[in-house]
Structure formats: structure tokens, C-alpha cells
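The values are calculated or read from the model by the stated rules, or taken from the named source; none is laboratory data. Given the structure is predicted, the values throughout are model-derived calculations rather than measurements. Counting neighbours? That spans all protein chains shown, and the Cβs are built from the backbone with ideal geometry, glycine included. Note: accessible area is taken over every heavy atom of the protein model, side chains too, but ligands, DNA and RNA are not part of it. Shrake-Rupley method; radii C 1.70, N 1.55, O 1.52, S 1.80 Å.
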Amino acid sequence: MRTAARETLFKIVFAGQFNSDCGESFKSAMYKGEKLTDADISYCESILKIINEHKEEFAKTLDSHSKLFPESRLFPADRSILFVALAEILYFDEVPDAVSVNEAANIASKYSSAKSASFLSGILSEIIREKGNV
């Protein structure tokens, strides 16, 4: 289970929206504080690399799937959750899409709202359906 790793990723991505100095020492402190395994840390580093490389693409994807709430208007917590899930869904084939959606909804329920959980699940499900038709 990578639930703790995903929550840690969420926190790192979320913090990065407010402080551009979320470097190695911050990530190391987060990993240590959450008692992540070496495998979890490797997973987190892979996902963070994907997010950094594809941030603009993710924003455009969200804009095209959420007309009323474009990426720039999303709550920072929701944006962070979506970026982690999109990295898994679009670039990390080892994780089943349904797991990414479920984990995103669970994190949203914990750190955002029940409405956000449903909203994020809907957006991610639509992206997965579109991905399957490509």
C-alpha cells in the first residue's frame, strides 16, 4: 500500500505551490516524518519528477476536462491531489487507474471536502475513459 507515500506526495506538491524552496531537505524531512520505506521514497521521487516535467500538460488536461473550474481556479489542495493522480494515471503504468482515482478521492475527503472527492473522481474518470480511447 502506498497510501502514506501518496499523502506525503500530496503534502510536498501542496507546499510547493506556496513556497518554491521545498527542496531536498524539506522532502527528506517529510519522508522521515512519515516513516516511508526506501521503496516508497523511490516511488515519491519518480512521481515528483513526472509532475515537474509535465506540470503544464497536466494543467491543460485539467482545463479541458473541467470547464467551470479550470486548473488556475482549483483549490490548491485539489490541484495537488489531481497532479499526483495524473502522474500515476498518465505515466506510471504500475498503478491501476482505479487505485489512483480511489486514493485521490480518499485524500480529498481527508484534506479537502466530500464534494471535492466526488468532483476529482469525475474528472479523473473522464481522463481515464479518454485515455482508453486513444
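Consider region 65-85. How many of its residues are of a type outside the set (A, V, I, L, M), without any contact (Cβ under 8 Å) to a residue 40 or more places away in the chain and not in a loop (DSSP other than H, G, I, E, B)? Of the residues in that region, 3 qualify.
Out of all the residues in region 17-55, which are touching a residue at least 40 places away in the same chain (Cβ under 8 Å) and in contact with a Phe, Trp or Tyr (Cβ under 9 Å, 6 or more places away or on another chain)?
Passing the criteria: Y43, S46, I47, I50.
Within region 3-36, the set of residues being assigned to a loop (DSSP other than H, G, I, E, B) and open to solvent by less than 40 Å² (accessible area, probe 1.4 Å) comprises C22, G23, L36. Kindly indicate whether any position in region 43-64 is in a loop (DSSP other than H, G, I, E, B) and open to solvent by less than 70 Å² (accessible area, probe 1.4 Å). No, the conditions are met nowhere in region 43-64.
Considering every residue within region 93-102, establish whether at least one is open to solvent by less than 10 Å² (accessible area, probe 1.4 Å), assigned to a helix (DSSP H, G or I) and over 16 Å from M1 (Cα atoms). The answer is no, given that none of the residues of region 93-102 is open to solvent by less than 10 Å² (accessible area, probe 1.4 Å), assigned to a helix (DSSP H, G or I) and over 16 Å from M1 (Cα atoms). Selection of region 86-113 for residues being polar (S, T, N, Q) and in contact (Cβ under 8 Å) with a residue 24 or more places away in the chain yields S100, N106, S112.
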